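Below you'll find the structure, written out as structure tokens, and then a few comments.
The values are calculated or read from the model by the stated rules, or taken from the named source; none is laboratory data. Not measured: the values here are computed from a predicted model. Here the Cβ is made from the backbone with ideal geometry for all residues, glycine too, and neighbour counts use every protein chain on show.
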Amino acid sequence: MKKLILIAITTFLSVVCSVSTLAHHSFAAAYNMENPISITGKIVNVRLTNPHSFFFLDVENEAGEIERWSFEAGTPSGMIRGGYSDKLIKTGDTVTINGFQARDSSTNGMLTLLVHEDGTEYGMFGPRER
């Protein structure tokens, strides 16, 4: 009986662990990697959460209307190890984000480079070395 319970627990844990691994997505599946974009706007929020951080900004479109964009970035720990901190970019700062737009043409994207209005560049994992 103990062996049967051990086998059942092991099987259950194996299934649970494998499901979480399948949840991670491919950037190429979610974003159009063949069409880079560059968006300038004002930071509304920076969210350092796992598994990926997000930068939210308000962008004025061609019609003069404000659109809320969100850009997926690196892991919080990777960005912090690279020198990024939440004190570097504040709400209201103007930034330009280079990256790739979501395949569904929404106002979502993947950040590859963030350029602060003072000229400082940040990659997905913190300040870039020149």
Would a scan of segment 9-27 turn up a residue that is closer than 22 Å to GLU121 by Cα, at pLDDT below 80 and within 15 Å of the chain's Cα centre (by Cα)? yes
Reported set for segment 64-117 where residues are among the charged types (D, E, K, R) and at pLDDT 90 or above is GLU65, GLU67, ARG68, GLU72, LYS90, ASP93, GLU117
Select from segment 29-72 the residues that are in a strand (DSSP E or B) and among the charged types (D, E, K, R) and write down the one among them that is surrounded by the most Cβ atoms within 10 Å (Cβ to Cβ). GLU72
Quickly run through segment 82-99 and pick out the residues that are closer than 15 Å to GLU117 by Cβ and basic (Lys, Arg). LYS90
